[in-house]
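Data first, discussion second: the structure below is written as structure tokens.
We did not get these values from a lab; they are worked out from the coordinates using the rules stated. Remember, predicted model here, so these are calculated numbers, not experimental data. No Cβ is skipped: glycine too gets one built from the backbone with ideal geometry, and neighbour counts run over all protein chains shown.
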Amino acid sequence: MKIESTGFTEEDLKAFLQETVAFERTRAKDDLTLADRLEAASARLTMLVGEMPSGEDGAGSGDEWTSKDVLIHIGLLSGLYAWITEAIATQSQAEIDLMSFFSLRDVAGTQRLELPVAELLAIAQTELSQAASFLRSCTPSALQRRARVGPFDLSAEEVARLGLCAHVESHVQQFEIAASRAGWTKR
């Protein structure tokens with residue numbers, strides 16, 4: 001798994017947000033709520049992991065992400081961005097130092113490399129389900145609340161839509177591509 005935190009800058013964070021906005025703008029339009037989108041991404045991820053051959057963990061080396069790396073990342077980012085969404089919506093945080101989370105993400109990701117794929121999927125499913133449940137319980141006014149998140153002024157809805165939904169959906173797509181390259185699923 002590639003360690004990113006040591007070289008990750010605020011400029012990288014701004015580029016990430018722009019990539020996520022671009023993904024969001026180009027995704028197929030539908031009538032899904034944010035919670036529905038998370039549930040659909042979780043269902044697709046579950047199906048893809050179910051197609052993995054026994055013993056397949058996407059093991060590899062170098063800078064290219066494996067299917068297992070993507071699965072780990074989805075579990076971690078789901079928990080982080082769900083927490084940020086909730087912290088803004090409930091007004092428990094007015095400012096969140098996003099950069100401090102990246103080194104923690106890499107440490108947690110490295111620790112999770114030892115876990116079996118089934119457990120990694122269960123973690124991701126739990127995080128996505130909890131995030132969807134929270135979003136369903138939110139009032140529109142709570143989702144409009146804003147906070148300073150790293151260098152950005154974002155609403156809870158923007159964090160949920162971009163940091164959580166679009167980010168997860170892009171990584172499910174990445175997982176699907178990795179699976180297709182490995183030859184164990186149809187793209």
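For residue 26 and residue 46, the difference between the fully extended length at 0.36 nm per residue and the C-alpha to C-alpha distance is 4.8 nm. Between residue 8 and residue 182, the simple label model (points 7 Å from Cα in the Cβ direction) yields a spacing of 2.3 nm. Fewest neighbouring Cβ atoms within 10 Å first, the residues 158, 10, 127 line up as 10, 158, 127. Volume of the convex hull of the chain (Cα atoms only), normalised per residue: 113 Å³. Taking the average, over residues, of other Cβ atoms within 10 Å as the packing measure, peptides 145-155, 81-91, 108-118 rank 81-91, 145-155, 108-118 from highest down. Taking other Cβ atoms within 10 Å as a rough exposure proxy, 42, 133, 78 sort from fewest to most as 133, 42, 78.
Sorted ascending by nearby beta carbons within 10 Å, beginning with the fewest, 97, 31, 69, 36 become 31, 97, 36, 69.
Potential lengthening of the chain between residue 91 and residue 153 amounts to 20.9 nm, from the contour at 0.36 nm per residue minus the alpha-carbon distance.
Comparing 34, 164, 98 in a Gaussian network model of the chain, where Cα atoms under 10 Å apart are tied by springs, the biggest mean-square fluctuation is seen for 98.
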